[in-house]
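The values are calculated or read from the model by the stated rules, or taken from the named source; none is laboratory data. Because the structure is a prediction, the values reported are computed rather than measured. Please note: Cβ atoms are built from the backbone with ideal geometry, for glycine as well, and neighbour counts cover all protein chains shown. These accessible areas exclude ligands, DNA and RNA; they are computed on the full protein's heavy atoms, side chains included. Shrake-Rupley method; radii C 1.70, N 1.55, O 1.52, S 1.80 Å.
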Amino acid sequence: MYWRLLSLVLCQLGAACIGWWAAPKGDEWLLILAMTLVGSYLWFVLDSLRGVRLLRWLRGGATNDLAIGNGLWGEAYNRIRRMLRDSSRLTVESESRLKDFLAALQASPSGVVLLDSQARIEWFNQTAADHFGFDARRDLLQHFGNLVRDPGFAAYMSARNFLQGVTMPGRENSSSKPVTLSVNLHFYGDGRMLLLSRDITVVEQAEAMRRDFVANVSHEIRTPLTVLAGFVETLQTLPLNDQERQRYLGLMSQQATRMQTLVSDLLTLSRLEGSPLPSAHEWVSGDVLMQQCEQDARDLSHLLWAQSHDLRFEHAPGCEIAGSALELHSAMSNLIGNAIRYTPAQRRIDVGLKSLPEGGVVFYVKDQGPGIAQEHIPRLTERFYRVDRSRSRETGGTGLGLAIVKHVAQRHGAELSIDSFPGKGSTFSLTFPPQRVRSALEVSNIH
Ligand code: ADP
């Protein structure tokens, strides 16, 4: 401010001096006054020009530097520059923070859609685009309800009660490959909405499997229990002779054994699912496994059939498999048990443990039984899946044998393959990879 006054006074003084110097003697005062006025006017014009430059600089976006000097305009210029610098720094900072937020939302495993108060789409992440089939260029600012036309979702949205979510089919839902989404809306800001979507297909399938499993187990247990209860009532109410009583008791014992087998298979399955993977450094002798299997097979064949099967066993001696002896024996005897149960008496059953040229071994059971139609093969390892329900029950099957075999195979890095054709018999094999197999002969050479 002082500079401003000083420059005005200096301008006036300068002009007054020129007036005094140039004026004829006697008339000085008139010219001095006139020149002082001219000086003021000049100062005003120069001062205004600086103001105009500053204004022009501002209008031009204030991008370049401006040499405007000191004084009022200089200070105004400096302050404006500082304010502009601060505000552009703040803008850059908040833009980068917004980018970070959007990147975090983009990385979310849930679908995120931001809707305005009219339910028009303002932003969505890639997961939401996949869930609903949105395209960023086409669908921004579209009404969400126009793009997602599920009736359940429409009712949920119009009710505007978002305490709970709603489930709806995903974009790629089809009868062969169902996709289920869980969608939740939340209000925020001034009537805006945040939509979160989650793919719950796997959870739904697991829940459906759990429900089926419980229903199957209940059914499997209820059948022998009903039969048992019937016999108990008969024994209690009817006067039976010794022979009849023995017959009923025999039938009751059969049902009790059936329940025991079922419970034992269920426990085996739950142990396989819940226990840590078998060690890759404990070696199980193939010779011992095959001896046990052969003994079990002959006993079972005798027990189930009046005339036993033509059982043939062969194996590469000295082979060892890394894993759990109990689990391996359970898987192998399940496969042999099935062959014996489903193959008519006297027919041939081949069981073997064979080294493969590329390393590893294959355990196989080949029977001359009824064979299995192709459409059943992919489903055989499902729990309680049976091709011939009554045949399975008659021979004491639980429908869990192949599920157990599949689990054991997975836990040992092995592969279960089924080769079968109706009327031609079946071959079930377990292929163990080279890293799970060694030869006892090699080991004894090392030591
Ligand atoms: P189950 O206790 O009923 O035998 P599994 O899980 O062991 O249950 O087998 C599932 C179904 O696969 C059986 O019910 C049977 O229909 C079929 N199956 C298994 N092994 C054989 C086989 N060797 N020959 C013919 N069918 C078989």
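Given contacts defined as C-alpha pairs under 8 Å and at least six residues apart, what's the relative contact order of the range 365-447, whole-number percent?
36 percent
Is there a quick way to get the dipole size of the range 46-111? I mean about its Cα centre, with the Cβ of Lys and Arg at +1 and of Asp and Glu at -1; what is the value in debye to the nearest 20?
200 debye
How high is the relative contact order of the range 9-102, in percent, counting Cα pairs under 8 Å that sit 6 or more residues apart?
Computed value for the range 9-102: 20 percent relative contact order.
Rank 239, 434, 109 by mean-square fluctuation in a GNM of the chain with C-alpha springs under 10 angstrom and give only the top-ranked residue.
In the Gaussian network model the winner is 239.
Per-residue ellipticity at 222 nm for the chain, helices alone: DSSP H runs ≥ 4 residues times -39500 (n - 2.57), over residue total, nearest 500 deg cm²/dmol?
Counting only the DSSP helices, I get -18500 deg cm²/dmol.
If you line up the Cα atoms of the range 300-386 on their principal axes, what length do they span on each, largest first, in Å?
Projected onto its principal axes, the Cα set of the range 300-386 covers 36, 30, 25 Å.
If the elastic network links every pair of Cα atoms under 10 Å, which of 314, 244, 220 fluctuates the most in the Gaussian network model of the chain?
With Cα springs under 10 Å in the chain, the top fluctuation among 314, 244, 220 is at 244.
From the protein chains alone at 1.4 Å, what is the descending order of accessible area for 411, 82, largest first?
82, 411
Taking N as the number of residues in the range 294-440, what is its alpha-carbon radius of gyration divided by 2.2 N^0.38 Å?
Ratio of Rg to 2.2 N^0.38 Å for the range 294-440: 1.01.
Taking the 0 to 90 degree range and rounding to the nearest ten, how far is the long axis of helix 201-237 tilted relative to the main principal axis of the chain, both from C-alpha atoms?
Here the helix axis deviates by roughly 30 degrees.
Output the direction-averaged projected area (hull surface divided by four) of the convex hull of the alpha-carbon atoms of the chain, in nm².
46.3 nm²
In the chain, carbon and sulfur make up what percent of the accessible area (probe 1.4 Å)?
The computed percentage sits at 58.
Give the accessible surface of the range 176-273 per residue, rounded to a whole number of Å², with probe radius 1.4 Å and ligands, DNA and RNA excluded.
For the range 176-273, the per-residue accessible area is 65 Å².
Helix 286-304 versus the longest principal axis of the chain: what is the Cα-based angle in degrees, 0 to 90, to the nearest 10?
The helix 286-304 is inclined about 60 degrees to the chain.
Using a Debye calculation, one point per C-alpha and no hydration shell, please list log10 I(q)/I(0) for the range 1-90 at q = 0.13, 0.15 Å⁻¹ in order.
So the normalised log intensities work out to -0.56, -0.66.
Expressed in nm², what is the orientationally averaged projection area of the convex hull enclosing the Cα positions of the range 131-191?
5.0 nm²
Only Lys, Arg, Asp and Glu count, each charged at its Cβ (+1, +1, -1, -1), so figure out the dipole size of the chain about its Cα centre, rounded to 20 debye.
Using Cβ point charges on Lys, Arg, Asp and Glu, the chain gives about 1340 debye.
So what are the range 58-128's ellipsoid semi-axes, whole angstrom, largest first, if each one is the square root of 5 times an eigenvalue of the alpha-carbon gyration tensor?
That gives 43, 13, 9 Å for the three semi-axes.
Quick check: the distance between the Cα centres of the range 46-68 and the range 309-338, to the nearest angstrom?
94 Å
For the range 138-233, what is the charge dipole size about the Cα centre, in debye to the nearest 20, if Lys and Arg each add +1 at the Cβ and Asp and Glu each add -1 at the Cβ?
320 debye
For a quick check, take a GNM of the chain with Cα springs below 10 Å and name the residue from 125, 216, 146 with the largest mean-square fluctuation.
Between 125, 216, 146, it is 146 that shows the largest mean-square fluctuation.
Where does helix 28-59 land angle-wise versus the long Cα axis of the chain, in degrees 0 to 90, nearest 10?
10 degrees
With an 8 Å cut-off on Cα pairs and a minimum separation of 6 or more residues, tell me the relative contact order of the chain in percent.
9 percent
Quick one: Cα centre-to-centre distance for the range 186-237 and the range 74-150, in angstrom?
43 Å
Restricting to the chain, compute how many DSSP beta bridges are antiparallel as a %, nearest 5.
Beta bridges within the chain, antiparallel portion: roughly 90 percent.
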